[in-house]
1. Please give, to one decimal in nm, the separation of the simple spin-label points placed at A:LYS123 and A:THR55, each 7 Å out from Cα toward the Cβ.
2. For region A:1-103, place one equal point scatterer on every Cα, skip the solvent, and apply the Debye formula. What is log10 of I(q)/I(0) at q = 0.10, 0.12, 0.18, 0.25 Å⁻¹?
3. Would you work out which of B:VAL154, B:ASN104, B:ILE281 lies farthest towards the positive end of the dipole of the protein assembly as shown? Charges go on Cβ: Lys and Arg +1, Asp and Glu -1.
4. Take each uninterrupted DSSP H stretch in chain A, measure its Cα extent along the helix axis, and return the ones at 27 Å or beyond whose mean Kyte-Doolittle hydropathy is at least 1.6.
5. Can you find, among A:GLY217, A:THR55, A:LEU5, the residue farthest towards the positive end of the dipole of chain A? Put +1 on the C-beta of Lys and Arg, -1 on that of Asp and Glu.
6. For region A:149-294, what is Rg from Cα atoms divided by 2.2 N^0.38 Å, rounded to two decimals?
7. Over its Cα atoms, what ratio of radius of gyration to 2.2 N^0.38 Å does region B:228-289 give?
8. How large is the helix-only mean residue ellipticity at 222 nm for chain B, computed as the sum of -39500 (n - 2.57) over DSSP H runs with n ≥ 4, divided by its residue count, in deg cm²/dmol to the nearest 500?
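Values quoted throughout were computed directly from the atomic coordinates according to the rules given, and no laboratory measurement underlies them. Every value quoted in this text rests on a predicted model; they were computed, and no experiment measured them. Cβ placement follows ideal geometry from the backbone for every residue including glycine, while neighbour counts extend to all protein chains displayed.
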Amino acid sequence: MNTGLRNYLKRHLYLLLLTPPLMVLTIFLLVPLGILLQYSFIAYTPGQAMKSGFTLANYARFMTDSYYLTGLLITLLTGLVVVTITLLFAYPVAYLYAKTRFKYRGILLIMLLSPFYTNIIIKIFGWMVILGRQGMVNKLLVQYQLLDRPFEFLYSYIGVMVIMVYVHVPMMALLLIGPIQNIKDSLIESARICGSTTLGVIRNIVLPLSIPGILSGSIIVYTSVIAAFIIPLLVGGDWGKRFISVMMYTHMSVTQNWAFASTIAMILIVTSLTVIVVTSRIVKSMKVGVLISEKFAR
Amino acid sequence: MPFVEIRRLKKSFRNVVAADIDQLSMEEGEFVSLLGPSGCGKTTTLRCIAGSLEPDSGSIFVKGREITHMPIHKRRLGLVFQDYALFPHMTLFDNVAYGLRYQNRTKSEIRKKVTESLELVGLAGFEDRYPHQLSGGQQQRVAFARSVVYEPDVLLLDEPLSNLDFKLRKAMRFELKRMQRQLKITTLFVTHDQQEALSLSDRVVVMNEGRVEQVGTPNDIYENPLSVFVADFIGSTNIIKGVAASCDSDRGVCTVRLSSSSALPIPFREPINVGEEVSFIIKPEKIDLRKTRKLDTDIHAKISGASYLGSAFNYEVDLGNLRLEVLDSQTDYKKRYEIGDSVLIALSPDGIKILRR
């Protein structure tokens, strides 16, 4: 083999390595997305098979119907609320695991991982038992006379939020552990010896330095929340139907309007990507984000 | 009561004793080094003082206050880490001001102190820079400024020079000493580098396996090591073990048996008992090399290794039964010895330290 050819192969070896993942992504992600995109421009006639064609009617229907627009808004806002609450629960847990001499770190890790071994449906049914009319929570509240009669947690917004937060706290905590662990102990010790209390260290050192981790964790959880449809479908009641993912599911499998379902999917993808890009831009424009990412980039 | 005092400090990790210090004290303004190889307990001791480790037993006093179990932020200490540990998301000003913000001080006071402190370390005007925009040496200075600006009782230095390159390290050694002198701050310096310890300290504490081996002035430690360990660690390469076979006290020479077949005449000052097991430490710079016999105690040897150091020659001489390192300060390149040359070596009693085992 001549040297020129060998060098050429050496320089382009990465292409060979990239081929399998690129093929998987193309076949299972890009092609289906392309098909969805094409569907979203097809006019739908009830009772008839999908034909080819081009119309913007589906998009026009979505944009002019406040039912769908509020649905989209509810979904995106729910994403933000769930991410915020999840962060509040997950951050202390991740901090406990990553930066303290907590004795039961091993057990904590098992507790964080174990929910992933259970199917989402099982987890939802578990919560139905806990939150139901005759569930543990209602029984206790009534018994201690905090409520006159059982409160309807399920089939409401509250039920959806509780389960969404429950499902995503372990995910968020696991995503935060790494970035928090990466903050050097010597920084924390230096701050302590300069006079900071533990709380001061968290506020001035640990929290600012974990912003990149918080951002990436939030984006993953946010994406997962707005795409989730089983939770609002099963425990959302009338509220659940307002979630964009449930609407998509209904159009796809109940009314068989694949064209409109595809349109909803496309709009959801574009809006959520926009939300993600805008938030990360904002966070990065805050000094701390830029500095840390610069430092990591070096 | 001394300014800093450690009493019967003990710390073990899983039944392995990491530090076991009976008594150690520092006077106000003193620069003391903890010197030893890795795992000797010097860092454990420092961390017990700093508060990031809780000692199993014993007590630590600083300025009359017991700090053994005090929360870290109340100890009034300063600490410079090996990796400097500057806060990457803060400007130099905020880094240095960090400790001051926890003391009730006005804004103008903080500004004044930070400016003074950055001037001290030669980084005036760098207030708005971020740590990653600085070189290693500059980061080191900022870390120093941050630790002294709020006037801690004791400054702790945890191998602060070991991440710097050789030239910078030497320059920082002078800098560090100058700044410490200027501030008159009581300083505890942890290092594994004997040169750093000897050149910076008022007193050196040599540690080994968690215990204090020897405490003394740098000169004391260098000239009069009390154990083979200290002698070895401080850089003496010629350590000879043997048994005194016969001594001629008129000539002041003892014949020391090194093994069953070899012996060496060693001059001495203090009397040695026949049959006693002893170790001799012979300083490389105190061995004379010559071509012609002057004294009848001169020993025949052969040059087995030679290296030119610029300011001196470093030889290895073969005495047949052992090899010694010799540092010859004569710098005339023409008068150098070559490998294979026959020489005579003269041992003087001044250059020999006798340790009983």
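1. Once both label points are built, they end up 4.0 nm from each other.
2. Results for region A:1-103 at q = 0.10, 0.12, 0.18, 0.25 Å⁻¹ read -0.73, -0.85, -1.00, -1.19.
3. Of the candidates, B:ASN104 comes out farthest on the positive side.
4. On the way: long enough: A:66-99 (48 Å, 1.50); A:157-181 (35 Å, 1.86); A:258-285 (40 Å, 1.64).
Helices passing the filter in chain A: A:157-181, A:258-285.
5. The listed residue farthest towards the positive side: A:LEU5.
6. Working: Rg = 20.2 Å, N = 146, 2.2 N^0.38 = 14.6 Å.
Normalised by 2.2 N^0.38 Å, the Cα Rg of region A:149-294 equals 1.38.
7. Working: Rg = 12.1 Å, N = 62, 2.2 N^0.38 = 10.6 Å.
Working it through for region B:228-289, the quotient is 1.14.
8. Working: 8 runs with 80 residues, N = 357.
So the calculated ellipticity at 222 nm is -6500 deg cm²/dmol.
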